[in-house]
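The structure appears below as structure tokens.
We did not get these values from a lab; they are worked out from the coordinates using the rules stated. Treat the numbers as computed from the prediction; the structure is a model and nothing was measured. For neighbour counting, all protein chains shown are included, and Cβ atoms are generated from backbone atoms with ideal geometry for every residue, glycine included.
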Amino acid sequence: MNDIPRQDGRVAVITGGSSGLGFETARALADHGAAVVLAVRDIGKGEQAASRIAAHVPGANVTVQNLDLSSLASVRAAATDLRSAHPRIDLLINNAGVMYTPHQKTADGFDLQFGVNHLGHFALTGLLLDHLLPVPGSRVVTVSSYGHRIRADIYFDDLQWDRTYDRVAAYGQAKLANLMFTYELQRRLAERGSTVAVAAHPGNASTELTQNLPALARVASAAVKPLLAQSAADGALPTLRAATDASVLGGQYYGPDRMRETRGHPQLVTSSAASYDLATQRRLWSVSEELTGVTFPV
């Protein structure tokens, strides 16, 4: 945290900023002078989080924006509010997510994990991007997961898991999509020369995401947590480095440096071979535009 440069004058929009990794990311950025927007589904929890940050950082500039990533109508409404309130955005941190949920659909009929983790953030980024493009040093940081390596592929023949449902594979698809989105977005941004797209993952961090693990997996997770899991504050470090380190380049991916990327200090890491497939990235982008109705100004 001490390595974060001053963020005075910068505006950071963080999805899922009321708890876990998002809250720790927001608190650190506010502590270093950024104006922070907590884009959250539950306004009450968002206001509580803002109060906690203000108590920790006297004079902090923290506001709350309603955003339900499982509804494209909510994403569009939030983008309209954010564009009105913030003519410039320096950081968009796509942090919110769900993991291993039972088979559920979003308001628009998408698989919940794919809809929230990928499509909601894809739409939000596209709707806000023209407020980042003119800003020197602006960044889109998307939080992926080591889970992008586990039974993961982009299942174009059943993206929404209508025929069968595997919660682990569905999570892997969504987190792989986060990386493919980042890499394709960076290629499109490269011609503009200012805004960059970067990805990060927290390793094995202790957050509320594990609440949907199957019963046996929850027991096993609780047993190994003291040995393997790191705090949410430590899990947020790769995101913070991706968002603030002056040496970061577009298209990079940051994660912990120890114990097979489960914990430690943030470092540059490599994602799975599948995540770098250009044809799949481009096909996913095209499908995501069709499903969300959002096109990008790049």
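Can you give the calculated 222 nm mean residue ellipticity of the chain, where each DSSP H run of n ≥ 4 adds -39,500 (n - 2.57) and the sum is split over every residue, rounded to the nearest 500 deg cm²/dmol? Kindly include the intermediate steps, with their values, before the conclusion.
Values: 9 runs with 112 residues, N = 298.
The helix-only estimate for the chain comes to -12000 deg cm²/dmol at 222 nm.
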Quick one: which residues, 5 or more positions from Gln230 or on another chain, have an amide H under 5 Å from its amide H? H modelled 1.01 Å from N in the peptide plane, none for Pro or chain starts.
Asn204, Ala205, Ser206
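Using the Cα centre of the stretch 11-289 as the reference point, and only Cβ charges (+1 on K/R, -1 on D/E), how large is the resulting charge dipole? Debye, rounded to the nearest 20. The partial results should precede the final answer.
Details: 25 positive and 24 negative charges, 70 e Å.
For this selection, approximately 340 debye.
Can you give the extra length, in nm with one decimal, that the chain gains between Thr164 and Glu289 once fully stretched, where that is 0.36 nm per residue apart less the Cα-Cα distance?
Details: separation 125, 0.36 × 125 = 45.00 nm, distance 2.42 nm.
Difference between extended and current length: 42.6 nm.
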Set the Förster distance to 22 Å, then compute FRET efficiency between Ser247 and Arg83 from the Cβ-Cβ distance, nearest 0.05.
0.15
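Taking only C-alpha pairs under 8 Å that are 6+ residues apart, what is the relative contact order of the chain in percent?
Details: 616 pairs, mean separation 51.7, N = 298.
RCO, the chain: 17 percent.
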Of all trypsin sites (Lys or Arg not before Pro) in the stretch 85-168, which ones are in loop regions per DSSP and have a Cβ with at most 16 other Cβ atoms within 10 Å?
Arg88, Arg151, Arg163
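Report Rg/Rh for the stretch 1-99, rounded to two decimals, where Rg is the Cα radius of gyration and Rh the Kirkwood radius. Don't skip to the answer; put the middle values down first.
Details: Rg = 12.6 Å, Rh = 13.3 Å.
That ratio is 0.95, to two decimals.
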